[in-house]
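Colleague: Questions regarding the structure given below will be posed in turn.
Bear in mind that the values in this text are calculations on the coordinates, not laboratory data. Please read these numbers as outputs of a predicted model, since none were measured by experiment. Please note: Cβ atoms are built from the backbone with ideal geometry, for glycine as well, and neighbour counts cover all protein chains shown.
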């Protein structure tokens, strides 16, 4: 069954998305959407990464809540920094963070966290995955930021994926 439908949920999602985008349940759209949902995962199966093994779902839930809290607080900090940039300009900086996390799924999750938290931008990952370059909107203390980043995001991801 996995050879015919390598990703059944993806197939179903593609079919539903096709119907939603066309706003039509005509026979042609139903058939073409089903064909798209069937063929696309087959054609791109070699591009899919190996399935992730989540070792500690409780840690994943805690990380999700922590990132949610950080998104809210970072939004407020960035808004405050932008509003008061005339009096006190932000101290933007690029910082290099040494990484212990090397799992592809963990690094993908880390990149999404960097993207979703305002004030941080994932800039570059070393080829050997040992150092991450991040741009920070307003940086008070580089050492404190690195420690927060590693303890809040990297270590939980290592527990989840490695």
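Colleague: In what order do 147, 159 fall by count of nearby beta-carbon atoms within 10 Å, going from fewest to most? Let's see the in-between values first.
Modeller: Values: 147 12, 159 16.
Ordered from fewest to most neighbouring Cβ atoms within 10 Å, 147, 159 come out as 147, 159.
Colleague: Same structure, new question: Given the Cα-Cα distance of residue 16 and residue 127 and 0.36 nm per residue of separation, how much length would full extension add, in nm? Write out the running numbers ahead of the final one.
Modeller: Values: separation 111, 0.36 × 111 = 39.96 nm, distance 3.81 nm.
Once the chain is fully extended between residue 16 and residue 127, it gains 36.2 nm.
Colleague: Still on this structure, I have one more. Among (i) 16.3; (ii) 17.4; (iii) 18.8, only one was calculated for this model; which label is it, if the read-out is Kirkwood radius over Cα pairs in Å?
Modeller: Recomputing Kirkwood radius over Cα pairs in Å here picks out (iii).
Colleague: Return a whole-number percent for the relative contact order of region 8-47, with Cα pairs under 8 Å and 6 or more residues apart as the contact set.
Modeller: Working: 26 pairs, mean separation 19.9, N = 40.
Relative CO of region 8-47 lands at 50 percent.
Colleague: Whole Å is fine, so just give me how far the alpha carbon centre of region 95-132 lies from that of region 38-89.
Modeller: Taking the Cα centre of region 38-89 as reference, the centre of region 95-132 is 11 Å away.
Colleague: Could you give P(r) for region 8-47, binned at 10 Å from zero, as whole percent values over all Cα-Cα pairs?
Modeller: Calculated P(r), rounded to whole percents: 35, 50, 14, 1.
Colleague: Hey, another quick one. How would 112, 43 line up from fewest to most surrounding beta-carbon atoms within 10 angstrom?
Modeller: Values: 112 12, 43 9.
Lowest to highest Cβ neighbour count: 43, 112.
Colleague: Also, I was wondering about something else. Over the chain, what is the mean sequence separation of C-alpha contacts under 8 Å (at least six apart), divided by residue count, expressed as relative contact order in percent? Write out the running numbers ahead of the final one.
Modeller: Working: 177 pairs, mean separation 39.5, N = 162.
Worked out over the chain, it gives 24 percent.
Colleague: Right, next: Using Cα atoms only, what is the angle between the long axis of helix 8-22 and the major principal axis of the chain, expressed in degrees (0 to 90) to the nearest 10?
Modeller: In the chain, helix 8-22 runs at an angle near 90 degrees to the longest axis.
Colleague: So, one more: Between residue 48 and residue 23, what FRET efficiency comes out of the Förster formula 1/(1 + (r/R0)^6) with R0 = 25 Å and r the beta carbon distance, rounded to 0.05?
Modeller: Working: r = 29 Å, r/R0 = 1.18.
About 0.25, to the nearest 0.05.
Colleague: Grab the Cα-Cα distance for residue 73 and residue 108, subtract it from 0.36 nm times how many residues apart they are, and report the gain in nm with one decimal. Walk me through the numbers on the way to the answer.
Modeller: Working: separation 35, 0.36 × 35 = 12.60 nm, distance 2.27 nm.
Residue separation times 0.36 nm, minus the Cα-Cα distance, leaves 10.3 nm.
Colleague: Oh, and also: So what is the calculated 222 nm ellipticity per residue for the chain, using -39500 (n - 2.57) for each DSSP H run with n of 4 or more, over all residues, to the nearest 500 deg cm²/dmol?
Modeller: -17500 deg cm²/dmol
Colleague: Another one. As a footprinting exposure proxy, order 80, 122 by other Cβ within 10 Å, with the fewest listed first.
Modeller: On the way: 80 13, 122 16.
Fewest-to-most Cβ neighbours within 10 Å comes out as 80, 122.
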